[in-house]
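First the structure, in the form of C-alpha cells, and then the observations on it.
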Amino acid sequence: DTEVTQTPKHLVMGMTNKKSLKCEQHMGHRAMYWYKQKAKKPPELMFVYSYEKLSINESVPSRFSPECPNSSLLNLHLHALQPEDSALYLCASSQVYGQRAFFGQGTRLTVV
Amino acid sequence: GQQLNQSPQSMFIQEGEDVSMNCTSSSIFNTWLWYKQEPGEGPVLLIALYKAGELTSNGRLTAQFGITRKDSFLNISASIPSDVGIYFCAGLDGDMRFGAGTRLTVKP
C-alpha cells in the first residue's frame, strides 16, 4: 500500500476565509511534505516534517501554517490567502527524510 | 540549489513509437526518481534508481542512473495513448529537486 490520501480534492475559498487541507498516510512513514504546484510547473517544496517535527520551511508566507498532529496526519491551515495562492497543493510522504516520496492526489485550491 | 535540466520540454509522437527523455544536473545525486503526472492528479512514482550505472525496468519503461551520477534517462517503448502526461525527473540528495517536466502527447 503506497497510498497518501488528501482531502478535499477541490476547494474554493475567499480571501478572508480560514480553511484546512488534510493529508493522511498509513505506511509508517516518518517524513511528510507539502508541495505547491502551479500549472505547467514542477512541484515546489513548502514544508517538511520529520518525526512529527517541522524541519524545513522554504520561506513560505505565514498565511500558510502546517501542523503534524501525529505520525500519520499532516494539515495545512490557510488564512487570508491571495488569488496568486491558487494552485494544486500536494502532500507526500517517505520512509524517512531524503528517501523516495509518494504523493497524494492533491487539493486543487482556488482563491477568489 | 542544484539545477536539473530536463529535456525535451514536450514530445508529440505517434502511437507505437519509442520515447526517450533525460535529465542532467550540475551536481551529483544519490538517487534519481521518475514520476508521471496526469491532469488533476498527483505525481506517481514510476522508477527509483539508487546506484550509478543502474538500469531498471518497469514494464515498457526503462530508466538508467548515469555513471557520473549527474544524469538519468527514461525510455518508453511502444507508446500507447495512456502514456500521455507529464514526466518529471527528480534527484535526491536529502532534498528532492524536480526537473521542469516533459509533456508527452501520443497520437493514436
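FYI, it's all coordinate maths here, none of it is from the lab. On a predicted model such as this, the values are computed, not experimentally measured, just so you know. We place every Cβ from the backbone using ideal geometry, glycine too, and count neighbours over all the protein chains shown.
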Exercise. Between A:K18 and A:Q95, what is the FRET efficiency for a Förster distance of 41 Å, r being their Cβ-Cβ separation, to the nearest 0.05?
Worked result: 0.80
Exercise. Under a Cβ-Cβ limit of 4.7 Å, which cysteines in the protein assembly as shown have nobody to pair with?
Worked result: A:C68
Seminar exercise, completed: quick note, chain B, DSSP beta bridge pairs, % antiparallel (nearest 5) is 90 percent
Problem set entry | Paramagnetic label zone (point 7 Å from Cα along Cα-to-C-beta, A:V112; backbone N under 11 Å) in segment A:1-34 | A:12-15
Problem set entry | Projected area averaged over orientations for the protein assembly as shown, convex hull of C-alpha atoms, nm² | 11.8 nm²
For this session: Take A:E84, A:E52, A:E3 and order them by how many other Cβ atoms sit within 10 Å, fewest up front.
Result: A:E84, A:E3, A:E52
Exercise. Exposure proxy check: A:V4, B:V106 ranked by fewest other beta carbons within 10 Å?
Worked result: B:V106, A:V4
Seminar exercise, completed: Distance in Å, no decimals, from the C-alpha centre of segment B:1-28 to the one of segment A:12-83 is 29 Å
For this session: In a Gaussian network model over chain A where Cα atoms closer than 10 Å are linked, find which of A:C23, A:C68, A:C91 has the largest mean-square fluctuation.
Result: A:C68
Exercise. Based on the alpha-carbon gyration tensor of chain A and its eigenvalue square roots a ≥ b ≥ c, which shape applies: rounded if a/c is under 1.5, prolate if not and a/b is larger than b/c, or oblate?
Worked result: prolate
Exercise. For the pair B:K51 and B:S20, what calculated FRET efficiency results from E = 1/(1 + (r/R0)^6), where r is the Cβ-Cβ distance and R0 = 22 Å, to the nearest 0.05?
Worked result: 0.55
Problem set entry | Note, ³J(HN,Hα) from phi for segment A:96-102, Karplus 6.51, -1.76, 1.60, rounded to Hz, x at Gly and Pro | 9, 4, x, 10, 4, 10, 10
For this session: Using a/c under 1.5 as the rounded threshold, could you call segment B:25-96 rounded, prolate or oblate? The axes a ≥ b ≥ c are square roots of the C-alpha gyration tensor eigenvalues, and prolate needs a/b larger than b/c, oblate otherwise.
Result: oblate
Exercise. Which FRET efficiency value, to the nearest 0.05, do you get for A:A39 and B:I80 by plugging their Cβ-Cβ distance into 1/(1 + (r/R0)^6) with R0 = 35 Å?
Worked result: 0.85
Seminar exercise, completed: The residues B:F65, B:F12, B:F29, sorted from fewest to most surrounding Cβ atoms within 10 Å, come out as B:F12, B:F65, B:F29
Problem set entry | Estimated distance in nm for a label pair at B:K107 and A:H79, the labels positioned 7 Å out from Cα along Cα-to-Cβ | 5.4 nm
